[in-house]
Structure formats: structure tokens, C-alpha cells
1. Between a first residue in segment 24-37 that is at negative phi and a second residue that is in a helix (DSSP H, G or I), which pairs have beta carbons less than 6 Å apart while being 6 or more apart in sequence or on different chains?
2. So for segment 61-71 (the condition being of a type in the set (Phe, Trp, Tyr), at pLDDT 80 or above and not assigned by TED's automatic domain parsing to the domain that holds residue 185), does at least one residue qualify?
3. For segment 155-194, how many residues meet the condition of being over 25 Å from residue 81 (Cβ atoms) and surrounded by fewer than 15 Cβ atoms within 10 Å (Cβ to Cβ)?
4. If a residue must be assigned to a loop (DSSP other than H, G, I, E, B) and either free of Cβ contacts under 8 Å to residues at least 24 places away in the same chain or basic (Lys, Arg) (or both), how many such residues does segment 152-175 contain?
5. Can you report the number of residues in segment 114-141 which are assigned to a loop (DSSP other than H, G, I, E, B), more than 15 Å from the chain's Cα centre (by Cα) and within 19 Å of residue 26 (Cβ to Cβ)?
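The values are calculated or read from the model by the stated rules, or taken from the named source; none is laboratory data. No experiment lies behind these values; they were computed from the predicted model shown. Positions of Cβ are backbone-derived with ideal geometry, glycine not excepted, and every protein chain shown enters the neighbour counts.
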Amino acid sequence: MTAYSESEVFPTQVKILIAGGFGVGKTTFVGATSEIEPLSTEELITAASVGVDDLGGKDGKSTTTVAFDFGRITIKRHNIVLYLFGTPGQERFWFVWDELSAGVLGAIVLADTRRLHECFAAVDFFENRGIRFLVAVNEFDDAFRYDAEEVRAALELDPNVPVLLCDARDARSATSVLRTLIQYLHSFATASST
């Protein structure tokens, strides 16, 4: 058996996607974790969205991501730089996901328990492409609280897929999700190298 150093097994620069339904908190998540000023392609929601986008349950939301959000964070303990790409949530912009997924190592599917069905497309996208992901439930203030196993059952996830609860507004909480994803991805990288 060959011994590998951590740097040989796991890259030091990692591309991560943050996906999920419209209004689930992807832009907020990237902004809360990024050590640089995040790049955002947020645009005002216009009358053109009426009848095209489901705005139900998104009171007060006046902008939407039309291409992607970008941020960067360094996990100093492991000397890993994460490049974060937040995907657009509206179905009419999903064509961008294929381009953004090129070279990605892993993903976070943000979920909102008030509209859990809206993250099915992201789960399917990553499962169909063999991209490892975890599910992070963004616990909105007015949402009913479910435990991780209830969410796992509702989404019919493989038992190995981590399911976490988080607050996308809170840098500590969101960074904890990123650390868990890196640990999850690292476990697969080291297992496949032995």
C-alpha cells in the first residue's frame, strides 16, 4: 500500500457549488462566508417574472441571481482555498448550472423546509452527475424545525449524504457547513487513494 500525503490526495484549491431553489439563501451563504467582497449578479425582479417565476412565500424578495455569485474562503487549518459559486435558483436560469459544474469537487444543496420540493432539482442534478454533495437546511426564522433525519427521509437521500442545519446569514454556521463538506469530500479522496 502506498502512503500519500494529504496534499497529494486532496487539492489545495477547490471549486464548490452552492445550489438550491429560488430565495433559499445562496447569495447570503456566499456573502457570509467569503473573505473577499463577493461578486454577485443580483438583478431586480421585474414584471417579466410574473407568471414565469414562482414568487410565492418569498415576500420582500426584490432581487434574484441571474448568473452566479462568487466568493472565496481559505480554510487555514488545512491550507485549502475554496472558490464558491452560488447558482441561480430560478428554473429559467438552470442552463448555467452545467457550465458552473465544470471542475467542481463538491456541492452544497441549500434547502428551505417551507418549500423543500424546490431543492429536488439540485439533488437530482448532482446525483445524476456523480458530484458529491451535502444538504444544508437554512433555518428561516418563520420555518417549522425538522431534524436532519426527517429532511433526509423527505428527500430520499442516500444514508451517506450529510444533512446539516444552518443559518446562511451567520458566518460561523455557514463556514461549519463548508468544513463538513470538505471533510466529507476528503474521506472519499483518501479512501480511493488506498
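1. Correct list of pairs: 29/174; 32/171; 32/174; 33/174; 33/175.
2. yes
3. Looking only at that region, the number is 5.
4. Within segment 152-175, residues that are assigned to a loop (DSSP other than H, G, I, E, B) and either free of Cβ contacts under 8 Å to residues at least 24 places away in the same chain or basic (Lys, Arg) (or both) number 5.
5. 2
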